Amino acid sequence: MPHLVILYSGNLDARTDVSVLCRSLADTMLAQRDEAGKPVFPPGGTRVLAYPAPHFAISDGGTAGRAAGGDGDYGFAYLNLRMGRGRTEAVQQGVGHALMAAAQAHLAPLMAAMHLGVTLQIDVGAEVFDAKHSSLHPLFNKPV
Amino acid sequence: MPHLVILYSGNLDARTDVSVLCRSLADTMLAQRDEAGKPVFPPGGTRVLAYPAPHFAISDGGTAGRAAGGDGDYGFAYLNLRMGRGRTEAVQQGVGHALMAAAQAHLAPLMAAMHLGVTLQIDVGAEVFDAKHSSLHPLFNKPV
Amino acid sequence: MPHLVILYSGNLDARTDVSVLCRSLADTMLAQRDEAGKPVFPPGGTRVLAYPAPHFAISDGGTAGRAAGGDGDYGFAYLNLRMGRGRTEAVQQGVGHALMAAAQAHLAPLMAAMHLGVTLQIDVGAEVFDAKHSSLHPLFNKPV
């Protein structure tokens, strides 16, 4: 943790490079600092996964978009960040606004070219069991 | 929001058109009305995304199905609707029953032809951050 | 329910057979017993779905891994089990430890060969609506 999962309509893959969006969002997460100036997220635990949906249905399926003179092609992206408990509300809001800004920057051309909905939500996990095993973390936790 | 995500075993794609199921479920969501007769979900915010899993394991893997004279091919579909807070329990239940009926109508031939499990759950989001940006909503919020 | 969903970076597919991991985890779930010696999960309701992400960004993208003499290829797998309410904390912890052990056994060669993070979390569903329809359960609920 944390991880950010992007679920989106598969028609976006022909319009933008989602791998670039993933990198931008991961860099945004890594850049977050808390009130004490410390990184909000550990580098070894920061990851973004994105999944294009091969099947989807959005809104009225294109009727209103075509009536408005467009091609009726709708898109949707849902960004969900799950993070651990214990961070302040200010940190949560700061992370959310920073991620949404990064997503909007990347998606602005699409937003202008098609009817696109983007939603970002942050959940604080309420897991009853949590286990980690990693050969990634040690890269960032070396003795000085 | 709301959005409905379908996670299912990839072997169903050869047996049914999941895009048609997505459209049916989206139409069902758009048709829902609350106690005052108003739409439960905004058209610009209604979407269904479906993901076939390329790797999966279900139940005993086919042993019991073959012992019962079948081919041991099992299927599974999990429908998860996440909606915002503030709707009545009656509305939540009504939405759930309507969606399950639509799913069952579409999947009835599969249910009869193979061993298939279908589960629908509705979660009310407990997000700590929520942001939306959309060029879809304006299509449905025009001044009269 | 229950179901276990695995979200992982798509680069793992070239290194291991995730279908085998799914089967191992399902068998582990089926083997769990509660304090009274009864199966924790019903066979007809046990399933594992795994999704490789075609787009992902992990940690610093490889910089630290290359600086450490590796190829900078990072991997990540997130295992999330959602189960119903009503089981004891001891059962939840037992299930979690058993699943993590099975995941680690399968992924040990990868963990040694690349920088890989594995996280397992268990959530107890707080759904407001829950419906099931199945032609799988009857296979396991036959009159004796």
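Brief remarks on what is shown
- Qualifying residue in region A:120-136 (condition: part of a helix (DSSP H, G or I) and not polar (S, T, N, Q)): no
- Exactly one residue out of B:65, B:94, B:75 is touching a residue at least 40 places away in the same chain (Cβ under 8 Å) and out of contact with any Asp or Glu (no Cβ under 9 Å at 6 or more places or on another chain), and it is B:75.
- Filter result (under 11 Å from the mean Cα position of the chain (by Cα) and farther than 17 Å from residue C:44 by Cβ) within region C:1-21: C:5, C:6, C:7, C:8, C:18, C:21
- If you filter region A:116-144 down to residues that are within 7 Å of another protein chain (Cβ to nearest Cβ) and β-branched (Val, Ile, Thr), you find that the one that is surrounded by the most Cβ atoms within 10 Å (Cβ to Cβ) is A:118.
- For region B:95-109, the set of residues classified as at the interface with chain C (Cβ under 9 Å from one of its Cβ atoms) and either closer than 23 Å to residue B:58 by Cα or not in a helix (DSSP H, G or I) (or both) consists of B:100, B:103, B:104, B:107, listed by residue number.
- Test: residue in region C:70-86 that is of a type outside the set (A, V, I, L, M, F, W, C), farther than 30 Å from residue A:10 by Cα, more than 12 Å from the chain's Cα centre (by Cα) and modelled with pLDDT of 95 or more: no
- Any chance residue C:59 is polar (S, T, N, Q) and more than 23 Å from residue A:6 (Cβ to Cβ): no
- Residue ID - surrounded by the most Cβ atoms within 10 Å (Cβ to Cβ), chosen from residues in region C:23-64 that are at the interface with another protein chain (Cβ under 8 Å from one of its Cβ atoms), assigned to a loop (DSSP other than H, G, I, E, B) and not polar (S, T, N, Q): C:60
- Residue pairs meeting the criteria (Cβ under 7 Å; at least 6 apart or on separate chains; first surrounded by fewer than 20 Cβ atoms within 10 Å (Cβ to Cβ), in region C:98-115; second among the basic types (Lys, Arg)): C:110/C:15
- Applying a threshold of 9 Å to beta carbon distances and a minimum spacing of six or more residues, or different chains, the list of pairs starting in region C:3-22 at a residue that is more than 10 Å from chain B (Cβ to nearest Cβ) and ending at one that is crowded, with 16+ Cβ neighbours inside 10 Å and assigned to a helix (DSSP H, G or I) reads C:12/C:18; C:12/C:107; C:12/C:110; C:15/C:110; C:16/C:106; C:16/C:107; C:16/C:110.
- All positions within region C:71-86 that are at the interface with chain A (Cβ under 9 Å from one of its Cβ atoms) and either of a type in the set (S, T, N, Q) or over 12 Å from residue C:4 (Cα atoms) (or both): C:74, C:75, C:76, C:80
- Single residue of C:95, C:91 found to be out of contact with any strand residue (DSSP E or B) (no Cβ under 6 Å at 6 or more places or on another chain), of a type in the set (Val, Ile, Thr) and more than 24 Å from residue A:5 (Cβ to Cβ): C:91
The values are calculated or read from the model by the stated rules, or taken from the named source; none is laboratory data. Keep in mind that what you see is a predicted model, and the values were worked out from it rather than measured. Every residue, glycine among them, receives a Cβ derived from its backbone with ideal geometry; neighbour counts consider all protein chains shown.
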